Amino acid sequence: PLNRPVVISTWRHGLAANEAAWAVLSKGGRALDAVEAGVRQSESDPAVSSVGVGGLPDASGEVTLDACIMDEHGDCGSVAYLKDIENPITVARMVMEQSPHVMMVGEGAKSFALAKGMKEKNLLTPNAKEEWEKWKAKHPDAIKHWEINIENHDTIGMVAIDAAGNLSGACTTSGLAWKLPGRVGDSPIIGAGLYVDNEVGAASATGVGEAVIRAVGSFLVVELMRQGNSPQDACRLATERVIEKNPQWKEIQVGFIAVDKRGRVGGYCIQPGFDYAVCDQATGNRMIIAPSRIP
Ligand code: SD4
């Protein structure tokens, strides 16, 4: 049986994001419009501490954003190291639809966004600035001696299938808190943070981006579904691969979510504590705790 439409997104803030996506999907709208509207909700919410406004800054106190989007045609757009723009996912969609490119970074991406009518905005909230000052006081030498932390994993990755059976996905983040200036994670990298294949399914990742990139995680989840695995098994097997490729896996979190062409969903992670939001007609909008490799 087909379960359509469905939207699934990472972490608790996914509930509100799913609401925004569902407003599009329940009216017969396109999955692409749903995922953009959905993750914009988290980007613009200052209470969500690692996406858009309110995102925690890098080691130098700057908020830099990574995002990507992919649709049912396999078209995609991405921005990385973007500053001062509230909704990077919309810039990613503009790169996809209004430029000949797939990926734009830094100053160039910002100029492109401004030229397309996006507004400049300071994304460092007083709260995030205070957190950074506290962290900085404890780590005065951080730029020289930097370690991956797992204090904050709140990227939003969202994948959806619409009533017509088309898939799309979006992923957006301010990245790991206190990252080295210039660092880009998995979230804006097609295949790592997000992948959509309209024949098969879609997947997104959260957690330590470095570990996800090494395994090309989201592409792997989709390929595992192509081989016949359920979304749940595909997420688990991809997590196993991440574990194989990352000797320090016990110290990090990585989680995947996926939806397949039939509207089945799944999620899996390394450490306990990862949950995701699912919304469909039959059950409404709810949180699911992902099973984890470490019990
Ligand atoms: C990154 N994957 O920049 C992102 C961070 C994240 O939940 O997912 N946090 O590596």
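Within the option set Ser42, Ser26, being under 22 Å from Ala203 (Cβ atoms) and hydroxyl-bearing (Ser, Thr, Tyr) holds for one residue only, Ser42. The number of residues in the range 197-217 being under 18 Å from Val35 (Cα atoms), crowded, with 24+ Cβ neighbours inside 10 Å and either out of contact with any Phe, Trp or Tyr (no Cβ under 9 Å at 6 or more places or on another chain) or in contact (Cβ under 8 Å) with a residue 60 or more places away in the chain (or both) comes to 4.
The set of residues from the range 240-261 being over 13 Å from Ser218 (Cα atoms), buried (at least 19 other Cβ atoms within 10 Å of the Cβ) and among the hydrophobic types (A, V, I, L, M, F, W, C) comprises Trp249, Ile252.
Conditions tested, residue by residue: (1) away from the ligand (no atom under 16 Å from the Cβ); (2) of a type outside the set (Lys, Arg); (3) in contact with a strand residue (DSSP E or B) (Cβ under 9 Å, 6 or more places away or on another chain).
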| residue | (1), (2), (3) |
| --- | --- |
| Thr206 | no, yes, yes |
| Gly217 | no, yes, yes |
| Ser230 | yes, yes, yes |
| Ile243 | yes, yes, yes |
| Ala258 | no, yes, yes |
| Val265 | yes, yes, yes |
| Pro295 | yes, yes, no |
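Whenever a residue of the range 278-295 is without any contact (Cβ under 8 Å) to a residue 60 or more places away in the chain, its partners that are among the aromatic types (Phe, Trp, Tyr) and in a strand (DSSP E or B), lying with C-beta atoms within less than 7 angstrom and at least six residues away or across chains, give the pairs Ile288/Tyr276; Ala290/Tyr268; Ala290/Tyr276; Pro291/Tyr268.
Total residues in the range 169-204 satisfying the condition of being closer than 18 Å to Val259 by Cα, within 14 Å of the ligand (Cβ to nearest atom) and assigned to a loop (DSSP other than H, G, I, E, B): the figure is 4. Scanning the range 134-168 for residues that are at pLDDT 90 or above, basic (Lys, Arg) and either within 14 Å of the ligand (Cβ to nearest atom) or under 24 Å from Leu82 (Cα atoms) (or both) yields one hit, Lys136. Out of all the residues in the range 45-70, which are over 12 Å from Leu123 (Cα atoms) and of a type in the set (Asp, Glu)? Within the range 45-70, Asp58, Asp66 qualify.
The values are calculated or read from the model by the stated rules, or taken from the named source; none is laboratory data. What you see is a predicted model, and the numbers here were worked out from it, not measured in a lab. Note: ideal-geometry Cβ built from the backbone for every residue, glycine included; neighbour counts use all protein chains shown.
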